[in-house]
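Colleague: Once you've had a glance at the structure underneath, I'll fire off some questions.
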Amino acid sequence: KKGKAFELLVAAAIKIVTGQKVNLDHHVKGIFSQTDYQIDKILQDDSGEIMIEAKDYSSREAKVGRDDLQTMQ
């Protein structure tokens, strides 16, 4: 899968910085829609859950678009 190397690099960095176990390709259901979403990692902290999605846009030489950010909200 294209971009998998970047996801693995981000997962390794998260493990080094936080010390938390990293499971890639985590599935969660939307609160209202019950739609299944695949995200790269969920971290737990005192304020709740933090979702992490790693995207590698270097191959298409593009910036992260608004649609991609809104999908994560």
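The values are calculated or read from the model by the stated rules, or taken from the named source; none is laboratory data. Please read all numbers here as calculations on a predicted model, not as lab measurements. FYI the Cβ positions are ideal-geometry reconstructions off the backbone, even for glycines, and counts take in every protein chain you see. Accessible surface is based on the protein model in full, side chains and every heavy atom, while ligands, DNA and RNA are left aside. Shrake-Rupley method; radii C 1.70, N 1.55, O 1.52, S 1.80 Å.
Colleague: Tabulate in residue order the Karplus-calculated ³J(HN,Hα) for segment 18-30, using 6.51 cos²θ - 1.76 cosθ + 1.60 with θ = phi - 60°, rounded to whole Hz; enter x for Gly and Pro.
Modeller: Working through the residues one at a time gives 9, x, 7, 5, 10, 10, 7, 6, 7, 10, 9, 9, x Hz.
Colleague: Among I14, I31, I50, determine the one that fluctuates most according to a GNM of the chain built with springs between C-alpha atoms less than 10 Å apart.
Modeller: The residue with the greatest mean-square fluctuation here is I31.
Colleague: Taking only protein heavy atoms into account and a 1.4 Å probe, give the accessible area per residue of the chain in Å². It would help to have the intermediate numbers written out before the result.
Modeller: Values: 5870 Å² over 73 residues.
Solvent-accessible surface per residue comes out at 80 Å².
Colleague: Within the accessible area of the chain, what % is carbon and sulfur when the probe is 1.4 Å and the other protein chains stay in place?
Modeller: Details: 3270 of 5870 Å².
The computed percentage sits at 56.
Colleague: Next question, about the same structure. Filter the chymotrypsin sites (Phe, Trp or Tyr not before Pro) in segment 1-58 down to the DSSP loop ones having no more than 10 other Cβ atoms within 10 Å, then list what survives.
Modeller: Details: sites: F6, F32, Y37, Y57; in loops: F32, Y57.
Here the chymotrypsin sites (Phe, Trp or Tyr not before Pro) that fit, given the DSSP loop and packing criteria, are F32.
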